[in-house]
Amino acid sequence: MFTGIIEKTATVVKIEQEGSNFHFTLRCPLAKELKIDQSMAHDGVCLTVVKLEPEKDEYTVTAMEETMQRTNLGTWKPGTEVNVERSMRMDGRFDGHVVQGHVDQTAVCDKVETLDGSWRFYFKFTPGNHEHFTVEKGSICVNGVSLTVVDSEPGMFSVAIIPYTYSETNFHNIKEGSVVNLEFDVFGKYVARLFAEYIKQQGK
């Protein structure tokens, strides 16, 4: 489990394919603190550390074919900047919201507005699944970042980004047409599923 509070950004160094799996080697100062089999969120995707080279500040994670198809990992290349967060500690403050590291789908940045000292990003996504939705002032996880929804419409939402988030995450690289990972609020998904089942039962 994660909180959506990004610790660092990592840089993709190397990508290797083995069968249907992809091995991503990344460089990050956190490498010295990691352990094999540790879970880390990468742009919101929970991946397992499989190799460590702490002397190089490098580590490797593996993604399966399903992960590649559901997320934006297929757009990564050497030099790509990735948001990373280690799993949540149980003895600390919970500053973001409940993030599982299970990406629901991708979205495309539709527009970026520069405001007076901040930015507003607009994203479009396919609203085919009734559990994939946003609400104004609700939580959304974009590339692993816990954010509050500003505008919300079917298949579209916006978020406001403060200077700290803009500079300390890969939001400064997101522009019109960029593909990002979305994880919708897990509590909203549970409510939507229960409500759908209730309506289904009422129709019998």
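Some points to look at:
- Candidates are the residues of the range 35-62 that are in contact (Cβ under 8 Å) with a residue 40 or more places away in the chain and not in a strand (DSSP E or B); the one that is farthest from the chain's Cα centre (by Cα) is Gln38.
- Of all residues making up the range 15-34, the number that are among the small types (Gly, Ala, Ser) and in contact (Cβ under 8 Å) with a residue 40 or more places away in the chain: 1
- Residue match in the range 186-203 (condition: in a loop (DSSP other than H, G, I, E, B), in contact with a Pro (Cβ under 9 Å, 6 or more places away or on another chain) and over 21 Å from Cys46 (Cβ atoms)): no
- Residue within the range 84-100 that is touching a Ser or Thr at 6+ places or on another chain (Cβ under 7 Å), exposed (fewer than 13 other Cβ atoms within 10 Å of the Cβ) and in the same structural domain as Ser20 (by TED's automatic domain parsing) present: no
- So Glu113, is it outside any loop (DSSP other than H, G, I, E, B), of a type in the set (D, E, K, R) and closer than 19 Å to Thr3 by Cα: no
For every residue, the table says whether it meets (1) touching a residue at least 24 places away in the same chain (Cβ under 8 Å); (2) out of contact with any strand residue (DSSP E or B) (no Cβ under 8 Å at 6 or more places or on another chain).
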residue	(1), (2)
Lys77	yes, no
Glu85	yes, no
Gly96	yes, no
Gln105	yes, no
Glu136	no, no
Cys141	yes, no
Val150	yes, no
Ala160	yes, no
Pro163	yes, yes
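The values are calculated or read from the model by the stated rules, or taken from the named source; none is laboratory data. Being a predicted model, the structure only gives us computed values, none of them experimental. Quick reminder, even Gly has a Cβ in these numbers, built from the backbone with ideal geometry, and neighbours come from all protein chains shown.
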